1. Looking only at residues in region 96-112 that are part of a helix (DSSP H, G or I) and in contact (Cβ under 8 Å) with a residue 24 or more places away in the chain, which one is surrounded by the fewest Cβ atoms within 10 Å (Cβ to Cβ)?
2. Would you mention how many residues in region 30-50 are out of contact with any strand residue (DSSP E or B) (no Cβ under 8 Å at 6 or more places or on another chain) and of a type in the set (Gly, Ala, Ser)?
3. Tell me which residues, restricted to region 43-76, are closer than 19 Å to Asp90 by Cβ and among the charged types (D, E, K, R).
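What follows is calculated from the coordinates using simple rules that are stated; it is not laboratory data. As the structure is a computational prediction, the values presented were derived from the model and not from experiment. For neighbour counting, all protein chains shown are included, and Cβ atoms are generated from backbone atoms with ideal geometry for every residue, glycine included.
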Amino acid sequence: MVACAATAILVAVLRVSIAAKTGGLAIVTAILAWNLRRCAGRGVPAIVHVGVDRSITVTDRGGRSRAGAVLDDSYVGSALTTVVWSADGDRWWRPARTILFVRDSLPEDDFRHLRVLLRYGSPPGEAVTSGTDAGRPASQARASTRMPLSAFDCDATR
């Protein structure tokens, strides 16, 4: 609201025609109304479900649900967490949506669970590992998990 008020004052003091001032103020008013509706209207999230695969489903106050994916731009902290997500089917020009969670906005266990899902969940399209070794490791620095060390032919006297 402060940014829209400052922009409206700036448009009002510009040395342009009355038609340009009226158009600029109409645009600023429309942006203000859209953002107020997003922050305090029916579009405010009522239920948020985050999956292990970083999928998200957000249901607003009106009962409309949107599914999407959590983006890597999300921030996970001990006092503040922001979920940046994109709805399925959104156009490339549509900005990502954000949901702010403060420590006091959720019960402690739910807030901790959300932070764990966001921090350690696997991105969409990436399989969650099953714990089995898939073959030769990319780095030889990792120990083998297929054979015990006694199976290797090591001559310690060399």
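1. At the first step, the residues of region 96-112 found to be part of a helix (DSSP H, G or I) are 103-105, 108-112.
Still in the running and in contact (Cβ under 8 Å) with a residue 24 or more places away in the chain: 103, 111.
On the way: Arg103: 12, Phe111: 18.
Ranking the candidates gives Arg103 first.
2. Looking only at region 30-50, we keep the residues that are out of contact with any strand residue (DSSP E or B) (no Cβ under 8 Å at 6 or more places or on another chain), and these are 30-41.
Next, from what is left, pick out any that are of a type in the set (Gly, Ala, Ser): 30, 33, 40-41.
Count: 4.
3. Those that are closer than 19 Å to Asp90 by Cβ and among the charged types (D, E, K, R): Asp53, Arg54, Asp60, Arg64, Arg66, Asp72, Asp73.
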